[in-house]
Structures are given as structure tokens and as C-alpha cells.
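The values are calculated or read from the model by the stated rules, or taken from the named source; none is laboratory data. Quick caveat, the model's predicted, so the values are computed rather than measured. Note: ideal-geometry Cβ built from the backbone for every residue, glycine included; neighbour counts use all protein chains shown.
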Amino acid sequence: MIILKGRQMLITNLERYIGTTYDNNTEIRTFFLDRVTVNNVDLAALSFRLDLEYENGSKDTVILEKEIQEDTVLLTWTISKNVLQVPGTVFINIRGTDSQGTVKWASFKAAMYVEDTINTPGTYTGSLSELEQLEQRIDQKTETLDANESQRQENETLRQQNEEARKQNELDRQQAEIARDNKTDQVIQTFGDAIQEAKDAAKLSESWAIGGTQSRQGEDENNSKYYSSRSKAEAERAARAAEQAETYASIIPPKFHIDTDTMELIQDSQAEGIVFSLDENKILSYEYLVGGEKV
């Protein structure tokens, strides 16, 4: 860790060597500075860059990653191949500025070193400017976002397809339940109707047979029991009438005449099935005989 005391960098010997011309992204340096300067200026809101000046006089700038802590600011420098192309001494200093450029701060320069290597491929194409670094970072993030967005859209499409399938399955299940319930209701209704029809038929039969069900008007005078009773009564009446007719048919009334001298009723012939008599008041009465007995 490189400590900034005020504006001066305190660097150990091991940290002064930032790599070789062959390295790429294998070294990291962290700069530690107070968040508030001795003049009470808060550096937390600034953007920080590291300016480099190589031994051949060329210059470059890299962006530092910032981490704000309670009392300090940590700046991280990931050392890429682009800053290791010129072996020898590399002078660095840190500078910070706000978005409007109204607040600016810079450290003092400090020396660091790049070592050369043997048989290193000659792949140097020149350093990246600050703008090119920004564009490269934007391109990399855009590619990452595009890839993530493509995957997100694919996942979203799959999710929507699964959701549609789930909704269709749920709809099919509900329709199947409705159809089953309707069929059950129809069966129950059919049995209910059949049972009710049977009850109605039984009640009607009972009404026509013996009455007393209150299911039709006049049923107590219009049923089998009523007609059976009427038939029995008529049969008994007919039997009595027949019996009487038979009795009357066997009757032979007597012949009478009145004695004009005495004014008495004189019976001239005997009767059969009937007996006439005069009481003490000379009132004539009669009685039928059935089997020789008075009735």
C-alpha cells in the first residue's frame, strides 16, 4: 500500500517496481490518502487519475478505482500491459477533480520502475489515451450488458412461455372440473327427477286408490276405495231390494167385501205372505210373512 502523507507518496522499494514489459494485469497498487486535507477539503467527491511520464518522454493517464471510507480514500491501480511498454523510470502523480473542475487536487511526483525482459515479443502498439481507455471500458461494459440483456430476454421469453403453459394447464383443469361438476349435477338432477317422478306417481296412485293425499281435487270421492265402498253399498242395497222383491212376489193378498147390513169387513179368501187383522177399534193392519214368520 502506498501512503500519501499530505501530497507526498511514501512507497516501499518493493512497490516501486510495477512490473516488466512482458506483464499484463499481474500487479496492483493501492494508494491510501486522508479523506479530508489539512485545509479541510473533502476529497471524497473527486474523480482520480494517475498520470505517467515515461523515460522516453511519452505520457499517459489511467483511471483509478475509488473506494470511500469513513476517514480515508482508497485508490486502486490495476497495472495493465499498456503502461509497461517502456522500460526504465516512470514518474507518476495522482490528480483529482470534481465534475465541474472547480476543485482540483494533485500529489507530488514519485518515481517507479519498469524492468525489461529477455526475448519479450515486440507487441508494443503505443499507449492508450484516457479517452480510448474510457471508450474501451464503455465497449466492454456494453458488450457485457448486451450479453446479459440477451440472456435476460431469453430467460424472460422462456418464463413467459412457462407462465402461458401454466395458465393453459390451469384453465384446462378448471374446465375439466366444471365439466365434471356439471356432469355430476346432471346425474344428480336426473336421479332427483326420477325419484320425484316416482314419488309423484306413487302419490297419484295412492290418490286414485284410496285418496287422502290432497294431490287432486275431489279425490276422496273419486278413487278406487270410494267406488269400492259405493259398489259394496249398492250391492247390499240391491240384495235387499231383490230380497224384498222376492218377498213381495210371493205375496197373494186376500179378497174382502163389506157387509152392507152390518158394515163389517168380510175376508173372502186366504192370503199368502201377508196377514191382515182388525184391532178393537176396527182398524185394519197387516204384516208380511217370510218363511212363515212375521217380518
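A few points about this structure:
- Take the conditions (1) touching a strand residue (DSSP E or B) at 6+ places or on another chain (Cβ under 7 Å); (2) touching a residue at least 40 places away in the same chain (Cβ under 8 Å); residue 58 misses just one of them, which is (1).
- Residue in the stretch 124-132 that is over 60 Å from the mean Cα position of the chain (by Cα), at pLDDT below 90 and surrounded by fewer than 11 Cβ atoms within 10 Å (Cβ to Cβ) present: yes
Yes or no, residue by residue, for (1) in contact (Cβ under 8 Å) with a residue 60 or more places away in the chain; (2) of a type in the set (Asp, Glu); (3) surrounded by fewer than 16 Cβ atoms within 10 Å (Cβ to Cβ):
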site	(1), (2), (3)
47	no, no, yes
50	no, no, no
69	no, no, yes
75	no, no, no
85	yes, no, no
102	no, no, yes
106	yes, no, yes
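- Residues located in the stretch 243-283, provided they are among the hydrophobic types (A, V, I, L, M, F, W, C), surrounded by fewer than 12 Cβ atoms within 10 Å (Cβ to Cβ), at pLDDT below 70 and not in a loop (DSSP other than H, G, I, E, B): 245, 249
- Candidate set from the stretch 100-113 (those that are over 20 Å from residue 32 (Cβ atoms) and either at pLDDT 95 or above or not aliphatic (A, V, I, L, M) (or both)); member that is farthest from the chain's Cα centre (by Cα): 113
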